[in-house]
């Protein structure tokens, strides 16, 4: 069984509603103040910069106090969270819809004398949507994962160490370091860190977890192939500069992803934690990316040592209770990339660029 038992007991309540509330199917029509969301085919509250639309107050508030939108006698709200905090269920609310994105993986470093060439990009964070039964006054902890830090380009100045990017919090694996064994040698590009997972927690029990993307590997091969795997219901595998096996494996719903195989093998992810990329020593060609954090963490990519066998980290897996939908990150793009609430969140980083933070959206 998972180290954090997912045993959640919510109290359910049923009430008569004369009109569709947020989350109801569009086929029944949407009342004033609601619009049909093409992403979910459900009626959702519409945000407006003007502050009022047909008598409905503007409801889109970022990291602030909720603003109720009253429509024909019932109230609703829509909150966007970009940092970790708590959410207290408002009076009269018995269900909420949560949209959660994990953090993106950081991009790896590239070849020093070819600044326009690609490096291993970080994987996009997973997307999870869940409908949760709640109790008025209940406090939920919202954990917004940070993006993985980026690796560094190859350094021709006889530096001793090229550190890998830090893993995103919580759970992202650190990117692999590059270390030269003697003075006078170039130090190769280091790996990007895996993205941190995002979660909604009831007490000590997570009820939603969205996996982070894997970090991109340091790439002196100029191919861009050691990319980080996207977070998903099951995380996606990282890519390899020479062969697919160099990439860390994506995590499943019951186990961490295996490490990539190469000059220095990557490590396996574990419960909630992505693996750190291995250190490459000597005339290294690049260091592996860290695994994304998640319900289970992704494996780290291999590092090259004297070969180009560098891999990106695997993506972290996701979990949710209740009515759910999952979408994995694809390349650097996060899951459900066209969602109007997403903005620039949860994207994987490009060459020497950190991954984007996760995000949580709650509506009722």
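For this structure, a couple of remarks:
- In region 57-85, the residues that are at pLDDT 90 or above and either surrounded by fewer than 19 Cβ atoms within 10 Å (Cβ to Cβ) or not in a strand (DSSP E or B) (or both): 77, 82, 83, 84, 85
- The numbered conditions (1) in contact (Cβ under 8 Å) with a residue 40 or more places away in the chain; (2) in a loop (DSSP other than H, G, I, E, B); (3) more than 11 Å from residue 125 (Cα to Cα); (4) out of contact with any helix residue (DSSP H, G or I) (no Cβ under 7 Å at 6 or more places or on another chain) are all true for residue 343 except (1).
- Boolean, residue 246 is more than 27 Å from residue 100 (Cβ to Cβ), out of contact with any helix residue (DSSP H, G or I) (no Cβ under 7 Å at 6 or more places or on another chain) and free of Cβ contacts under 8 Å to residues at least 60 places away in the same chain: no
- Flag if residue 315 is under 22 Å from the mean Cα position of the chain (by Cα), outside any strand (DSSP E or B) and touching a residue at least 24 places away in the same chain (Cβ under 8 Å): yes
- Of all residues in region 221-254, those that are surrounded by fewer than 18 Cβ atoms within 10 Å (Cβ to Cβ) and either in contact with a strand residue (DSSP E or B) (Cβ under 6 Å, 6 or more places away or on another chain) or under 15 Å from residue 333 (Cα atoms) (or both) total 0.
The values are calculated or read from the model by the stated rules, or taken from the named source; none is laboratory data. This is a predicted model, so every value here is computed, not measured. When we count neighbours, we look across all protein chains shown, and the Cβ atoms used for this are built from the backbone with ideal geometry, even at glycine.
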